[in-house]
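The values are calculated or read from the model by the stated rules, or taken from the named source; none is laboratory data. Keep in mind the model is a prediction, meaning the values are calculated, not measured. When we count neighbours, we look across all protein chains shown, and the Cβ atoms used for this are built from the backbone with ideal geometry, even at glycine. Ligands, DNA and RNA are stripped out before the accessible areas are found, and what is left, the full protein with its side chains, is counted by its heavy atoms. Shrake-Rupley method; radii C 1.70, N 1.55, O 1.52, S 1.80 Å.
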Amino acid sequence: MDNLSSENDTLIRYRDDEPVDHAAVTVDSFLDQSSASAVRVEPGDDARELLPHLERLSLVEVNFPAFGDGRGYSSAQILREAGYQGELRAVGDVLVDQVAYMRRCGFDAFDPDAPLNEADLETALSRWPEVYQGAADKRTPIWSKRHA
Amino acid sequence: MYLYDQYDQAMVDARVAEFRDQAQRRLEGKLTEDQFKPLRLMNGLYLQLHAYMLRVAIPYGTLNSRQMHALADIAEKYDRGYGHFTTRQNIQYNWIKLEDAGDILADLAEVEMHAIQTSGNCIRNISSDHFAGAAADELVDPRPYAELLRQWSSFHPEFSYLPRKFKIAVIASDTDRAAMRLHDIGIQIVKNDAGELGAAFYVGGGMGRTPMIAPCIKEFVPLDRLVTYAEACLRVYNRHGRRDNKYKARIKILVHEMGAEEYTRQVDAEFDHMLSQGIEPPFAELERIRTFFEDPLFEEGASAEIDRSDPDFALWVDRNTHAHKADGYVSAVISLKPVGGIPGDATSEQMRLMADLAKDYSFDELRVMHTQNIVLPHVRVADLHALWTALEEAGLGSSNLDTIEDIIACPGLDYCSLANARSIPVAQKISERFAANGKTEALGKLKLKISGCINACGHHHAGHIGILGVDKKGVENYQLLLGGSEAEDVSLAKITGPGFDEAGIVDAVETAADVYLREREDGERFLDTYRRIGMAPFKEALYG
């Protein structure tokens, strides 16, 4: 884990590459301008509009204005299913009790409005010994282990 | 029945640890109540009017005697010695302390039970036909498919913050005993012309304040695509279901506003895409699950003869047993609707007795019906008299299945913080009235369902007679509805007219019943007569 305290106190990344150094633009502006490599997906945006442009994207921020709005989980899945390899960052009302599922859906960075307690985060991310479903994190589902 | 392996057990144990940790952080103030609420809800913990309520999942309503004993113990240890069986085939305890909840979940985990996703905006406990694996009229046992979907939907990372709750029912008979088309997704296991099994998907049904009957969006999904198709249905809903208004957030509104055709088109496109994602368990997994639901060893040539010399016993047999696929066996229903009682309530003593009887007479298996009764699914006809005698002695021998006394009622204003009116006293008064006036027998099959508010937990839209409690300027008022059905002849009930007070609604039900008795033709149920003659004669009698 890489805490970039100099730039951002709350950013948590599970990647080795350097973070993008410019701000993310909206989906509409991204589709209008070819130079941006970072985009922010709002809950009502259609993540599939980004699919033709995945190669020039290094950062997709998925915004959670309220933690109970689960559309961002599907946006993340859709991007990973389409082969997006860049950073997928959950931003906004991101709470420690949601991060395990977010990791499963392909998020590899978090920039929460309120900082996450490091010990609670560790606990949350090591909570599930197994998983029942296939998802973007490619963990081996229980059904696969049963029939290995 | 299904038994956990080390994986299932590990997941349930992890959940207990997670909840203990969350409750601790709540107590330490690290979580606000707003943040904690969805977490406790996804563990079945509601805050009611007087106390916390804990809803325990009974997947597709099936449990064994050891589990029923554990439920009885929990009622005694942590509650007031009773529990309430619900319309989703679950059980809930109404007087729980938050600080006990972790221990209760741990007790449940010891008998392969849990409260996972019994509330919250996620995929809820999956319900099924209470006569599954026993009914003479079923195609196959629907429960293996329900279990496959249970595992898929448990801790689903993408679908745990849906716009609203999500309920799935699975049946495998043309006779619908699970209100399948009043679910967010109703699945019927069917056979195609080639003789292969598959699943028909009905999507977008529901009760609540905007009742809708689910249209069939796919007539045949092959069994080795079941999970993938369900995933596609959920993704379209998660992305496009309304989140601006809680009362318009169920999938029924999406399907209605988008149109079933467009919804289906989007699901099919998502499904085509997902086929390449490898999310479907191998067929071997379905076969593994099926082995848990194989028939018990029924006795060959068991006698089907019944000594009907005791009329009370004969009546119970006629009313409370259901045709079984094995000769010499029936499914026997234990009514939790004693006259004047609280529908669906059972004491710890009664739970233990039912558990022991299941062990002695029903291959150690029990079922919870969505109509809030208990089934012993596989009883030898030769054992019926002994079973009935034991039930009678414990006050569990009511012969009133599917009669006007077999009322579904939500907890209502006696417990529920959402309710506008009490349901339980109305149910009690109606069953007392009809037991006293002797009309129960003459009325025959008549489904009466009571909800204490428009959220419709008591399924009033689907009652042959429905009652809806409302608040009228601070006074409880009850609307009467007629003509609903949750079965294969599904329909939504219509309001008769102005509401009644508590005494008035009991009279009104009797008035409606009398219209039926006067107007009915040979063999007609109340519902059939209503459908033939329409609302007018009832209105005339009620308000004329």
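Taking 0.36 nm per residue of separation and subtracting the current Cα-Cα distance, fully stretching the chain between residue B:323 and residue B:277 would add 12.2 nm.
In terms of its C-alpha gyration tensor, segment B:295-348 comes out oblate, because a/c is 1.5 or above while a/b does not outweigh b/c. Restricting the GluC sites (Glu not before Pro) of segment B:1-45 to loop positions (DSSP other than H, G, I, E, B) with no more than 11 neighbouring Cβ atoms within 10 Å leaves B:28. With the simple model of a label 7 Å out from the Cα in the direction of the Cβ, residue B:441 to residue B:244 spans 5.9 nm. In straight-distance terms, cross-link reach from residue B:248 covers every one of the lysines whose alpha-carbon lies under 20 Å from its own, apart from those fewer than eight places away in the same chain; here that gives B:165, B:167. So, R0 is 45 Å and r is the distance between the beta-carbons of residue B:314 and residue B:106; what FRET efficiency does that work out to, to 0.05? Step by step, r from the Cβ atoms, then E = 0.45. Mean partner shielding of peptide B:235-242, defined as the number of other chain Cβ atoms within 10 Å of each residue Cβ, is 4. Between residue B:47 and residue A:140, the C-beta separation translates, for a Förster distance of 41 Å, into a calculated FRET efficiency of about 0.60.
Positive end of the charge dipole of segment B:6-110 (Lys, Arg +1 and Asp, Glu -1 on Cβ, about the Cα centre): tell me which of B:22, B:63, B:93 has its Cα farthest that way. The residue sitting farthest along the positive end of the dipole is B:93.
Here the Karplus relation 6.51 cos²θ - 1.76 cosθ + 1.60, evaluated at θ = phi - 60°, turns the backbone of segment B:90-104 into coupling constants of 9, 10, 10, 10, 9, 10, 9, 9, 3, 5, 8, 4, x, 5, 5 Hz, with x for every Gly and Pro.
Computed with a 1.4 Å probe on the full set of protein chains, the accessible area for residue B:459 sits at about 20 Å².
Left without a cysteine partner by the 4.7 Å Cβ rule in chain B: B:122, B:216, B:233, B:416, B:453. Of the accessible area of the protein assembly as shown, computed with a 1.4 Å probe over protein heavy atoms only, carbon and sulfur atoms account for 47 percent. Charge tally around residue B:425: other residues with Cβ under 9 Å, Lys/Arg +1 each, Asp/Glu -1 each, net 0.
What is the Rg over Rh value, at two decimals, for segment A:88-147, using alpha-carbon atoms and the Kirkwood definition of Rh?
We get a ratio of 1.03 for segment A:88-147.
Considering the zone a paramagnetic label at residue B:472 would reach in this model (a point 7 Å from Cα along the Cα-to-Cβ line), which residues of segment B:415-454 have amide N under 17 Å from it? Counting only backbone N, you get B:420-423, B:426, B:451-454. Across peptide B:270-283, the mean count of Cβ atoms from other chains lying within 10 Å of each residue's own Cβ comes to 3. Shielding by partners for peptide A:118-129, expressed as the average number of C-beta atoms from other protein chains within 10 Å of each residue's C-beta, is 3. Once the convex hull of all Cα atoms in chain B is built, its volume per residue stands at 158 Å³.
The label-point distance for residue A:122 and residue B:76, in a model that sets each label 7 Å from Cα toward Cβ, rounds to 4.3 nm.
Considering only Cα atoms, the convex hull volume of chain A works out to 118 Å³ per residue.
The relative contact order of chain B, computed from alpha carbon pairs under 8 Å that lie at least 6 residues apart in sequence, is 12 percent.
With a Förster radius of 35 Å applied to the beta-carbon distance between residue A:114 and residue B:216, the computed FRET efficiency rounds to 0.15.
Binning the alpha carbon pair distances of segment A:46-122 at 5 angstrom intervals from zero yields the distribution 3, 17, 30, 24, 15, 8, 3, 1, expressed in whole percent. The helix-only estimate of mean residue ellipticity at 222 nm for chain B, built from DSSP H runs of length n ≥ 4 each weighted as -39500 (n - 2.57), is -11500 deg cm²/dmol after division by the residue total. Dipole magnitude for chain B: about 2440 debye, using +1 per Lys or Arg Cβ and -1 per Asp or Glu Cβ, origin at the Cα centre.
Grouping the Cα pair distances of the protein assembly as shown into 20 Å bins from zero gives a pair-distance distribution of 18, 50, 27, 5, 0 percent in increasing distance order.
As a test of understanding, state the convex hull volume per residue of segment B:99-225 from its alpha carbons, in Å³.
Residue-normalised Cα hull volume stands at 139 Å³.
Only the Cβ atoms of Lys and Arg (+1) and of Asp and Glu (-1) were treated as charged; on that basis the dipole of segment B:191-268 about its Cα centre amounts to roughly 600 debye. In order along segment B:294-301, phi translates into HN-Hα couplings of 5, 4, x, 7, 5, 6, 5, x Hz, rounded to whole numbers, per the Karplus curve 6.51 cos²θ - 1.76 cosθ + 1.60 with θ = phi - 60° and x for Gly and Pro. The loop-placed trypsin sites (Lys or Arg not before Pro) in segment B:469-544, going by DSSP, that have at most 11 neighbouring Cβ atoms within 10 Å of their Cβ come out as B:473. Under a model in which nothing but the beta-carbon of Lys, Arg (+1) and Asp, Glu (-1) is charged, the protein assembly as shown shows a dipole of about 1460 debye around its Cα centre. Close amide-amide hydrogen proximity is noted between residue A:132 and A:142, each under 5 Å apart and 5 or more residues distant or on a separate chain (H modeled in the peptide plane; Pro and chain starts excluded). Over segment B:6-110, one equal point on each Cα, no solvent: what is log10 I(q)/I(0) by the Debye formula at q = 0.12, 0.14, 0.20, 0.25 Å⁻¹? Ignoring solvent entirely, the Cα scatterers give -0.40, -0.54, -1.11, -1.56.
Dimensions of segment B:408-543 based on its C-alpha atoms, expressed as ranges along the principal axes with the largest first, amount to 44, 32, 25 Å.
Take the Cα of residue B:27, go 7 Å toward its beta carbon, and the backbone nitrogen atoms of segment B:92-122 under 11 Å from that spot belong to B:98-103. The coefficient of translational diffusion for segment B:311-393, derived via Stokes-Einstein from the alpha carbon Kirkwood radius under 25 °C and 0.890 mPa s, stands at 190 µm²/s.
Rank these by accessible area, largest first, 1.4 Å probe: B:422, B:124. Could you put the intermediate results ahead of the total?
Details: B:422 70, B:124 20 Å².
The ordering from most to least exposed comes out as B:422, B:124.
Accessible surface area normalised per residue over segment B:95-254 is 27 Å², counting heavy atoms of protein chains with a 1.4 Å rolling probe. Across segment B:335-457, counting alpha-carbon atoms alone, Rg and Dmax equal 15.3, 47 Å. Between the helical axis of A:71-81 and the longest alpha-carbon principal axis of chain A there is an angle of about 90 degrees.
Taking 0.36 nm per residue of separation and subtracting the current Cα-Cα distance, fully stretching the chain between residue B:260 and residue B:209 would add 16.4 nm.
For B:86, B:175, the ranking by accessible surface with the largest value first comes to B:175, B:86, using a 1.4 Å probe. Seen from residue B:81, the other residues with C-beta closer than 11 Å to its C-beta sum to a net charge of -3, counting Lys and Arg as +1 and Asp and Glu as -1. For chains B and A, what's the summed buried accessible area, probe 1.4 Å, to the nearest 100 square angstrom? Approximately 3700 Å², summed over both chains. Database remark: amide H of residue A:61 closer than 5 angstrom to the amide H of A:39, A:40, A:41, A:89 (H placed geometrically; neighbours at sequence offset of 5 or more, or on other chains; Pro and chain starts carry no H). Each label point was placed 7 Å from the Cα along the Cα-to-Cβ direction; for residue B:518 and residue B:543 their separation is 1.7 nm. Residue A:34 contributes an accessible area of around 90 Å² to the protein surface, as traced by a 1.4 Å probe with all chains present. Ranking A:66, A:38, A:20 by how far each Cα lies toward the positive end of the dipole of segment A:1-94 (charges on Cβ) leaves A:66 at the top. Annotation note: chymotrypsin sites (Phe, Trp or Tyr not before Pro) in segment B:196-298 located in DSSP loop regions with a Cβ neighbour count of at most 14 within 10 Å are B:292.
Using C-alpha pairs below 8 Å separated by at least 6 residues, the relative contact order for segment B:6-110 is 29 percent.
Rg and Dmax of segment B:142-290, both derived from C-alpha coordinates alone, stand at 14.6, 45 Å. Only protein heavy atoms count here; on that basis, with a 1.4 Å probe, residue B:451 has an accessible area of about 0 Å².
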